[in-house]
Amino acid sequence: MQRWVIHVDMDAFFAAVEQRDNPELRGCPVIIGGTGTRGVVSTASYEARKFGIRSAMPSVEARRRCPQGIFLPPDHKKYSKVSQEIMHIFADFSPLVEPLSLDEAFLDVTGMEGLYSDPADIAIKIKERIKAELELTASAGVAPNKFLAKLASDMKKPDGLMVIRPDQVAEILANIPATRLWGVGQATAQTLQKLGLTTIGQVAEADPEVLHKHCGQLGYVLHQLANGRDERPVEGEWQPKSIGKETTFAEDLYNPEELRTELWALVEKVGWRLRRQNVSGRTITIKIRFTSFRTITRSRTLAVAANLDETIYRIADEIVANVKLSEGVRLLGVTVSSLVTAGGQISLFDQDDKKGTEVAKAIDIVKERFGEAAVVRGRTLLSRHR
């Protein structure tokens, strides 16, 4: 049986939602994020992309390129709600849906020939539902596997549809840059270039042993992908691999106590999201970017997974305390990984901390009903004031 996978990717998702909800923004260069002098662009509408605006671009550069741009802060609560509506539409077409983020997912539609004459028809129906019910557009790629489907969805944006059939794979991949292969970052791209391999077609024809010699185990993977082979299943029981939060400060922080206050504010958000998804994590990672843009990460792995704010903060604070702050801190981040399903809503990392457990339960109930900002600790208020 021929396998078929669809990758659906929303077009300029955050910006498109804002334009949908505010007609005055339609046709305008809308830029989500980058509202402060130290911020970065999260998403740009296609009107803004004409000026060279792209995700992760510093806000200063985005304003220089597009001074007439409309910069808006992200509304993640609203985007998450719309994302759930999109995922519900996907679920009507396949029981195997693997979200990659709020605005994209894989669907395995293998064996649905009895319901649809062609897998491309399924993609068309999905796009029509999204447009009719949510007033948004999406691009879709249809192919025999995940790699090809994701590659295809990006070929005819926005509001596009691209189908890669088995007998078209070699021809379509031949002249695509090798940097489009999964796993090819800057270092690997340089290695391939030294080998004279600049297109996917050239990687496909290369000796896999030569690729392995220069790229390690990744070399074999790249050779498989370049030949259109990808056996990874669409994982319907998707779970996040990590949950984290980071913030870039309007002004660099030099005071350790101010840094600890910001650390608590981040931990409070991470802990809430862990418990809300009924997961705990064993590895706590701190990310610090200094004034000079030097960035470091430090991690510690616990014997037992945790999701209580106090537990995460205690470990995170110890990590930060061991970092020499020889210059100002521009960015601070906290991530919890090595996730496992929690035994209950609250982790049993510290079974004697009954008071902390009960407080967390009470706070979570209020947040679930009235929103994440409904209850904050006093220390977090200092962070908000700053």
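The values are calculated or read from the model by the stated rules, or taken from the named source; none is laboratory data. None of the values given here were measured: they were computed from a predicted structure. Positions of Cβ are backbone-derived with ideal geometry, glycine not excepted, and every protein chain shown enters the neighbour counts.
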For segment 136-154, state whether one or more residues are under 27 Å from the mean Cα position of the chain (by Cα) and more than 18 Å from V5 (Cβ to Cβ).
yes
Give the residues of segment 274-292 that are under 20 Å from V329 (Cα atoms) and either in contact with an Asp or Glu (Cβ under 7 Å, 6 or more places away or on another chain) or of a type in the set (S, T, Y) (or both), sorted by residue number.
T285, K287, F290, T291, S292
Out of all the residues in segment 189-211, which are touching a helix residue (DSSP H, G or I) at 6+ places or on another chain (Cβ under 6 Å), of a type outside the set (A, V, I, L, M, F, W, C) and within 14 Å of V221 (Cα to Cα)?
P208
So, of the residues in segment 126-148 that are over 15 Å from D92 (Cα atoms) and of a type in the set (V, I, T), which turns out to be surrounded by the fewest Cβ atoms within 10 Å (Cβ to Cβ)?
T137
Inter-residue pairs, beta-carbon under 9 Å, first without any contact (Cβ under 8 Å) to a residue 24 or more places away in the chain and assigned to a loop (DSSP other than H, G, I, E, B) and in segment 35-58, second hydroxyl-bearing (S, T, Y) and crowded, with 16+ Cβ neighbours inside 10 Å, 6+ apart:
S55/S42; S55/T43; A56/S42
Tell me yes or no: at least one residue of segment 190-201 is free of Cβ contacts under 8 Å to residues at least 12 places away in the same chain, surrounded by fewer than 17 Cβ atoms within 10 Å (Cβ to Cβ), assigned by TED's automatic domain parsing to the domain that holds A174 and under 30 Å from F290 (Cα atoms).
yes
Before we move on, is I312 surrounded by 18 or more Cβ atoms within 10 Å (Cβ to Cβ), touching a Lys or Arg at 6+ places or on another chain (Cβ under 7 Å) and assigned by TED's automatic domain parsing to the domain that holds G333?
no
Which of the numbered conditions does Y116 fail, given that it passes all the others? Conditions: (1) under 16 Å from E231 (Cα atoms); (2) free of Cβ contacts under 8 Å to residues at least 60 places away in the same chain; (3) of a type in the set (F, W, Y).
(1)
Of the numbered conditions (1) modelled with pLDDT under 95; (2) assigned to a strand (DSSP E or B), A140 fails exactly one; give the number of that condition.
(1)
Somewhere in segment 98-118, is a residue assigned to a helix (DSSP H, G or I), surrounded by 20 or more Cβ atoms within 10 Å (Cβ to Cβ), assigned by TED's automatic domain parsing to the domain that holds S83 and of a type in the set (F, W, Y)?
no
Tally time: how many residues in segment 287-324 are modelled with pLDDT of 90 or more and either under 25 Å from G39 (Cβ atoms) or of a type in the set (F, W, Y) (or both)?
15
Between residues in segment 174-187 that are loosely packed, with under 15 Cβ neighbours inside 10 Å and residues that are of a type outside the set (A, V, I, L, M, F, W, C) and assigned to a loop (DSSP other than H, G, I, E, B), which pairs lie under 7 Å by C-beta distance while being six or more apart or on different chains?
P177/T198
Considering each residue of segment 301-344, count those that are assigned to a strand (DSSP E or B), within 21 Å of F290 (Cα to Cα) and hydrophobic (A, V, I, L, M, F, W, C), and give that number.
4
Name the residues in segment 64-97 that are outside any helix (DSSP H, G or I), surrounded by 19 or more Cβ atoms within 10 Å (Cβ to Cβ) and of a type in the set (S, T, N, Q), would you?
S94
Considering segment 213-228, residues that are touching a helix residue (DSSP H, G or I) at 6+ places or on another chain (Cβ under 8 Å) and more than 26 Å from P166 (Cβ to Cβ), and then whichever is surrounded by the fewest Cβ atoms within 10 Å (Cβ to Cβ), we arrive at K213
Answer yes or no as to whether I53 is in the same structural domain as L107 (by TED's automatic domain parsing) and crowded, with 22+ Cβ neighbours inside 10 Å.
no
Residue hits (segment 234-249; assigned to a loop (DSSP other than H, G, I, E, B) and modelled with pLDDT of 85 or more) are V234, E235
Taking only segment 286-300 into account, find how many residues are within 10 Å of E327 (Cβ to Cβ) and in a loop (DSSP other than H, G, I, E, B).
3
Would you confirm, using the coordinates I've provided, whether G271 is touching an Asp or Glu at 6+ places or on another chain (Cβ under 9 Å), at pLDDT below 95 and crowded, with 16+ Cβ neighbours inside 10 Å?
yes
